[in-house]
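Q: Next up is a structure, given as structure tokens.
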Amino acid sequence: QVQLVESGGGLVQPGGSLRLSCAASGSIFAINTMGWYRQAPGKQRDVVATITSGSSTNYADSVKGRFTISRDDAKNTVYLQMNSLKPEDTAVYSCYLSQYTTFPRRAEYWGQGTQVTVSS
């Protein structure tokens, strides 16, 4: 009953910037965490950045200092600002949301993903 739709992916040169957006819709009432994950071909899906309902943020070491996660509660949207992009950042980026149903139970949702390609 929750849908996540990512946008903003594309082709960018090394050193460039890109901003991803994830709009959530449906039965949203008790968000715990939203975040971004990525998966490159032949590799597992890894966390990139997360933000909690209390606005605490965490980043993978590989993106710390380059990426910034933020959210707009009024729009139920989470963003990922990506600066100083490297070829190693090439992956499918997926949006994640977890919310409480009946505490302490939680439900998890995933978007379909958006392709980010960093290449000259």
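The values are calculated or read from the model by the stated rules, or taken from the named source; none is laboratory data. No experiment lies behind these values; they were computed from the predicted model shown. When we count neighbours, we look across all protein chains shown, and the Cβ atoms used for this are built from the backbone with ideal geometry, even at glycine. With ligands, DNA and RNA removed, areas are computed over all heavy atoms of the protein, side chains included. Shrake-Rupley method; radii C 1.70, N 1.55, O 1.52, S 1.80 Å.
Q: Extending each Cα 7 Å along its Cβ direction at Q13 and T117, get the distance between those two points in nm, one decimal.
A: Here the modelled spin labels are 1.7 nm apart.
Q: Where the accessible area of the chain is counted over protein heavy atoms with a 1.4 Å probe, how much of it, in %, is carbon and sulfur?
A: Heavy-atom surface of the chain belonging to carbon and sulfur, 1.4 Å probe: 45 percent.
Q: Under a 1.4 Å probe, what is the accessible area of the range 80-120 per residue, stated in Å²?
A: That works out to 54 Å² per residue.
Q: Show which lysines lie in cross-link reach of K86 when reach means a straight Cα distance below 19 angstrom and same-chain residues fewer than eight apart are skipped.
A: Within the straight-line cut-off, K86 pairs with K43, K64.
Q: Within the range 88-113, find all residues whose amide N lies under 17 Å from a label point positioned 7 Å from the Cα of A23 along Cα-to-beta-carbon.
A: Counting backbone N atoms under 17 Å from the label point, the list is 95-96, 111-113.
Q: Here's another thing I want to ask about it. Given labels modelled 7 Å from the Cα in the Cβ direction, how far is it in nm from F103 to V5?
A: For F103 paired with V5, the spin-label model returns 3.2 nm.
Q: Still on this structure, please answer the following. Report D for the chain in µm² per second (integer): Stokes-Einstein, Kirkwood Rh on Cα pairs, 4 °C, 1.567 mPa s.
A: The Stokes-Einstein estimate is 90 µm²/s.
Q: Assuming 0.36 nm per residue, please report the length gained on full extension of the stretch W110 to D72 beyond their Cα-Cα distance.
A: Full extension from W110 to D72 adds 11.9 nm.
Q: How would K75, K86 line up by accessible area, probe 1.4 Å, largest first?
A: K75, K86
Q: Placing +1 at every Lys and Arg Cβ and -1 at every Asp and Glu Cβ, with all other atoms neutral, what dipole size does the range 1-104 have around its Cα centre, in debye to the nearest 20?
A: 100
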